[in-house]
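Here is the structure we will look at, set down as structure tokens.
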Amino acid sequence: MSYNPSYCWILALALGPFFTQRVRDPQRVPKTITQLYSYYIYNILKNHSREIENPRDVLLRVGQMAFRGVSEKKIVFTDGDLIKFNLQPSQFLSGFLMELLERQDSARSVVYTFPHLTIQEFVAAVAQFLNPHPGDILIFLTEAHNTTDGRFEIFLRFVVGLSSPMTAQGLEEFLGPFPHQTTCRVIDWVKEEVKHQSGNMRSEAGKRSLLNTLHYLFESQNRGLAQATLGSVETLSFSQLPLTPIDCAVLSHVIGLCDTIKHLDLWDCHIQCEGIQRLGPGLHKCQELRLGLNNLGDSGVKLVSVALRNPECKIQKLWLSEVVLTDSGAEDLVSALSTKPSLMELDLSYNKLGDSGVKLVSSALRNPECEIQELGLYNVSLTDSGAEDLASALSTNPSLTGLNLGYNQLGDSGVKLVSAALRNPECKIQKLRLYGNRFSETGKKELRSLQEPRPGLTVIV
């Protein structure tokens, strides 16, 4: 926050009362960005504004000017703009607009700007929501949503957020009741947009549009709306779409409200530890979780392990390939695997587990509670030294049917250990991938000989 002094100022004005009053109501602590800015404007109107005879009328005119600015990508306003909207600086300079001295050649003039673009966008949203012609809101929403350059992205979230009674409650003290008809139209519009976008996850533009509509659901804090719009959706796929920690928090919120979402695909979404921390509360509800090619690191995988330990965890397939996991971070994951019989497929490929990391995974495989059927250990720096523990686990594990050991560093001695394990009657492996290793023709001959006593076994070398 030290790099964003404007945000610090907004937070201080919005949240100051919560830290100064002795009795704090947790129900009133803002949960969304819209609620935060609502408190910000409320505190300006209550404590920091000059005497305004009709604050609703003034705010509407300020908001109309703000909306025109958002529409035209304009953040600096002149006296001419103020005159156009019948405004006088003395009415709202305290908190709403700031005066800036502008020099042009030898002349000087005063221009005006909002303290931050998001304040301009919020005031614009309030003005449109309080528009005396409720039918116009659908026109604004549709036109703004169809604009592809992102200028209305935050504005739309604010408009939908204002449909929440908790958000509007404080502002109504100064601005009067928020029109019920407008609230209903906004909710209906969101409902149609989410239903339309939930089937549009193939292109990057479609994924981005869906993510925006999920932000609308989050800002509305409307549980019934989320369940009504996503009640039949089983898959959310945002693969290769960069996600911020805030995006991850929104996804977690949505998943938490909807029990139908079974498949969550977040492959290559630039998620790091903070993002997975925001996702954490909703991860255990998914049956298939694809998190590969994200920079989670050991600390991020530890958070995924927490989800696996949840007594209500439903995860059956977990992809953690290329997430910068090391042997140091594998211990928490292995501990969770040992107590999670529901997990049937796990991919840890492209991680630097080494022999010590594979040894930990092997200990989980030996646990009777572990029922993994498919295991990916492709390119995890496994050598002959680590093959003994793995072979021991394969000899006793009754559930594992598929194992990928491709592109490791196994030589003939390692292959011999694995081959001996596969000859054990207790071993259920049916498909083994070993291509890209270092064994010789002798090792290959050893592997080919396995298929005689076990005709159902497929070994890919």
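The values are calculated or read from the model by the stated rules, or taken from the named source; none is laboratory data. What you are looking at is a predicted structure, and each value in this text was computed from that prediction instead of being measured. Glycine gets a Cβ as well: all are built from the backbone with ideal geometry, and neighbour counts include every protein chain shown. Heads up: the accessible areas ignore ligands, DNA and RNA and are worked out on the full protein's heavy atoms, side chains in. Shrake-Rupley method; radii C 1.70, N 1.55, O 1.52, S 1.80 Å.
Just a few scattered comments:
- Any chance Ser392 is outside any loop (DSSP other than H, G, I, E, B) and either closer than 19 Å to Gln430 by Cα or touching a residue at least 60 places away in the same chain (Cβ under 8 Å) (or both): yes
- In segment 445-461, the residues that are in contact with a Lys or Arg (Cβ under 8 Å, 6 or more places away or on another chain) and part of a helix (DSSP H, G or I): Glu446, Leu450
- Filtered residues of segment 64-80 (kept if open to solvent by 20 Å² or more (accessible area, probe 1.4 Å) and within 15 Å of Val110 (Cα to Cα)): Ile75, Val76, Thr78, Asp79, Gly80
- Contact map, segment 71-87: residues that are in a helix (DSSP H, G or I) paired with residues that are open to solvent by 90 Å² or more (accessible area, probe 1.4 Å) and among the basic types (Lys, Arg), Cβ distance under 9 Å, separation 6+ or inter-chain. Pairs shown: Asp81/Arg68; Lys84/Arg68.
Rundown of residues vs (1) open to solvent by 10 Å² or more (accessible area, probe 1.4 Å); (2) more than 23 Å from Thr34 (Cα to Cα); (3) in a loop (DSSP other than H, G, I, E, B); (4) not polar (S, T, N, Q), yes/no style:
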residue	(1), (2), (3), (4)
Leu210	no, no, no, yes
Ala228	yes, no, no, yes
Val233	yes, yes, yes, yes
Gly256	yes, no, no, yes
Ile261	no, yes, yes, yes
Cys269	no, yes, yes, yes
Glu274	yes, no, no, yes
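- Residue-level analysis places Leu403 among those that are among the aliphatic types (A, V, I, L, M), under 38 Å from the mean Cα position of the chain (by Cα), modelled with pLDDT of 95 or more and closer than 17 Å to Leu382 by Cβ.
- Filtered residues of segment 138-171 (kept if part of a helix (DSSP H, G or I) and open to solvent by 70 Å² or more (accessible area, probe 1.4 Å)): Ile139, Glu143, Pro165, Gln169
- Restricting attention to segment 346-380, the residues that are closer than 17 Å to Leu410 by Cβ and open to solvent by 30 Å² or more (accessible area, probe 1.4 Å) total 7.
- Tabulated pairs, segment 308-323, first farther than 14 Å from Leu289 by Cα, second at pLDDT 95 or above and assigned to a loop (DSSP other than H, G, I, E, B), C-beta under 6 angstrom, 6+ apart or interchain: Glu322/Gly292; Glu322/Leu293; Glu322/Tyr350
- Test: residue in segment 183-203 that is open to solvent by 70 Å² or more (accessible area, probe 1.4 Å), out of contact with any helix residue (DSSP H, G or I) (no Cβ under 9 Å at 6 or more places or on another chain) and part of a helix (DSSP H, G or I): no
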